[in-house]
């Protein structure tokens, strides 16, 4: 088991890799996509379906409300990171803010919101 320091180092590595490459198929965005659709931590069970359905309903209800979708995206992103790296919400937040400047963070938020919207396309 990694120490907290090692978990933070790994988290920073992964965040910096995303920042450098902005790969939509990289580790961060793939895991985010799996998390928001409920299959990341609840594969093939009722909890995953509930997670997915809650997200779908919220996204549909707030599809044109960027602020509401941004709140959900940030929450889901941090929750996904807390699953991947068993660190507190405040530690995850602190590390995200160390890696990304304000503009980079807004660009990331936009990408996270775009991924949320993809969940409801075609439904």
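Residue pairs whose Cβ atoms lie under 7 Å apart, sitting 6 or more positions apart in sequence or on different chains, and linking a residue in the stretch 58-74 that is without any contact (Cβ under 8 Å) to a residue 12 or more places away in the chain and on the phi < 0 side of the Ramachandran plot to a partner that is in a loop (DSSP other than H, G, I, E, B) and surrounded by 15 or more Cβ atoms within 10 Å (Cβ to Cβ), are 68/62.
Please return the ranges of helices (runs of 4 or more DSSP H) entirely within the stretch 14-116 where 1 or more residues are within 26 Å of residue 3 (Cα to Cα), modelled with pLDDT of 95 or more and more than 11 Å from the chain's Cα centre (by Cα).
In the stretch 14-116, 89-99 are the helices (runs of 4 or more DSSP H) which contain 1 or more residues that are within 26 Å of residue 3 (Cα to Cα), modelled with pLDDT of 95 or more and more than 11 Å from the chain's Cα centre (by Cα).
When 31, 64, 16, 21 are checked against the criterion of being in contact with a helix residue (DSSP H, G or I) (Cβ under 7 Å, 6 or more places away or on another chain) and exposed (fewer than 14 other Cβ atoms within 10 Å of the Cβ), 16 stands alone in meeting it. Number of residues in the stretch 75-109 that are free of Cβ contacts under 8 Å to residues at least 12 places away in the same chain, in contact with a helix residue (DSSP H, G or I) (Cβ under 8 Å, 6 or more places away or on another chain) and under 20 Å from residue 48 (Cα atoms): the value is 1.
The values are calculated or read from the model by the stated rules, or taken from the named source; none is laboratory data. Computed from a predicted structure; not experimentally measured. Every residue, glycine among them, receives a Cβ derived from its backbone with ideal geometry; neighbour counts consider all protein chains shown.
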